[in-house]
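A short write-up of the structure that comes next.
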Amino acid sequence: MENEPERKSKCMKANSIRTGAAVLCFFFGLVTLLAQDSQTVASVSFKQGKVWIPKDGNFVETTNAVTLPGAIWVNTNGVFTVNKGKERQLREGQTIDEDGMLISPDGSVVPVIDHLAMRAGRVQIVRDGESTGLSGEFAFPDGSRVSADGAIRTPDGRLRRMLDGQLLKLDGSSLQAIDTASLRDGKAVLYKDGGRVELRPNQVMAMSDGTRVSADGTVIRPDGARIALKEGEILKIPGVVPPRR
């Protein structure tokens, strides 16, 4: 037969377990509720430690977590996840746009989803924002395989190669690469095919889509439209066009 101290001890343990379970239920219920109630927005920007969203032609600070197309979830402190993956932290001045591209103040643009990227003749595999060189081969769902040097062999034996700057989703479909042009201290700086290029005085460089950028920040589009870059402005330009299959 139990004595009084033993009975009280068992009661206290049982109450503790019930309390702990209640707290966990409340916590997960709150997380679920926040996820369900999060507002869907076109883009987010992180400035001064706050997340800003577009509204009525302006940007306003969000006081609740928000979601973007592509299962991108962003908390008010700038922590975001993609498809419930690893948590990542937005840095000062970064933006995630409507296409799921992460734009940094230096002009670099990368997808937030997992993908393969061809950089300087080697394939990089990017998961949850962390990039590592591909070792061996990567198999796509259709049976195609890509090797570390960018050679893609299809199940029927055809061979093609990834181009520098080309992006692929992990299912093998193409991602539109984005190059940029910006003006830094009066000089044009490009991100082209995954690399940074600072134009020399009087230099003109042709981009993948036919846009031409001059060292003084003058941009001429393929249709002849002329743009004068402003200091710090980032102009997005379609990147490398993958070869047809």
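Please name all residue pairs, on different chains or six or more residues apart, with Cβ atoms under 7 Å, provided the first residue is in the range 93-109 and is within 15 Å of Ser182 (Cβ to Cβ) and the second residue is of a type in the set (Asp, Glu). Final answer for the pair search is Ile103/Asp97. Residues in the range 219-229 that are among the charged types (D, E, K, R) and loosely packed, with under 11 Cβ neighbours inside 10 Å: Asp223, Arg226. Among the residues of the range 75-112, just one is acidic (Asp, Glu) and in contact with a Phe, Trp or Tyr (Cβ under 7 Å, 6 or more places away or on another chain), namely Glu92. The numbered conditions (1) in contact (Cβ under 8 Å) with a residue 12 or more places away in the chain; (2) in a loop (DSSP other than H, G, I, E, B); (3) not assigned by TED's automatic domain parsing to the domain that holds Glu137 are all true for Val219 except (2). Taken over the range 189-218, the criterion of being surrounded by fewer than 19 Cβ atoms within 10 Å (Cβ to Cβ) and hydrophobic (A, V, I, L, M, F, W, C) is satisfied by Val197, Leu199, Val204, Met205, Ala206, Ala215. Given the structure, is Gly121 surrounded by fewer than 18 Cβ atoms within 10 Å (Cβ to Cβ), closer than 20 Å to Val240 by Cβ and not assigned by TED's automatic domain parsing to the domain that holds Val79? For Gly121, the condition - surrounded by fewer than 18 Cβ atoms within 10 Å (Cβ to Cβ), closer than 20 Å to Val240 by Cβ and not assigned by TED's automatic domain parsing to the domain that holds Val79 - is met. Taken as a whole, the structure leaves Ala120 outside the set of residues that are among the small types (Gly, Ala, Ser) and more than 18 Å from Arg196 (Cα to Cα). Checking the structure you have, find out if any residue of the range 176-184 is aliphatic (A, V, I, L, M), over 30 Å from Gln89 (Cα atoms), part of a strand (DSSP E or B) and at pLDDT 95 or above. No, there is no match, as no residue in the range 176-184 is aliphatic (A, V, I, L, M), over 30 Å from Gln89 (Cα atoms), part of a strand (DSSP E or B) and at pLDDT 95 or above.
Residues that are of a type outside the set (Val, Ile, Thr), over 16 Å from Met101 (Cβ atoms), in contact with a His (Cβ under 8 Å, 6 or more places away or on another chain) and touching a residue at least 24 places away in the same chain (Cβ under 8 Å): does the range 148-164 have at least one? No; the residues of the range 148-164 include none that is of a type outside the set (Val, Ile, Thr), over 16 Å from Met101 (Cβ atoms), in contact with a His (Cβ under 8 Å, 6 or more places away or on another chain) and touching a residue at least 24 places away in the same chain (Cβ under 8 Å). Taking the conditions (1) in contact (Cβ under 8 Å) with a residue 24 or more places away in the chain; (2) part of a loop (DSSP other than H, G, I, E, B) in turn, Asn202 satisfies each one other than (1).
The set of residues from the range 40-54 being assigned to a strand (DSSP E or B) and either in contact with a Cys (Cβ under 6 Å, 6 or more places away or on another chain) or surrounded by 11 or more Cβ atoms within 10 Å (Cβ to Cβ) (or both) comprises Val44, Ser45, Phe46, Lys47, Lys50, Val51, Trp52, Ile53, Pro54. Residues of the range 133-175 that are of a type in the set (Asp, Glu) and assigned to a loop (DSSP other than H, G, I, E, B): Asp142, Asp149, Asp156, Asp164, Asp171.
The values are calculated or read from the model by the stated rules, or taken from the named source; none is laboratory data. This one's a predicted model, so the numbers in the text were calculated from it and none came from an experiment. All Cβ positions, even for glycine, are placed from backbone atoms using ideal geometry, and neighbour counts span all protein chains on display.
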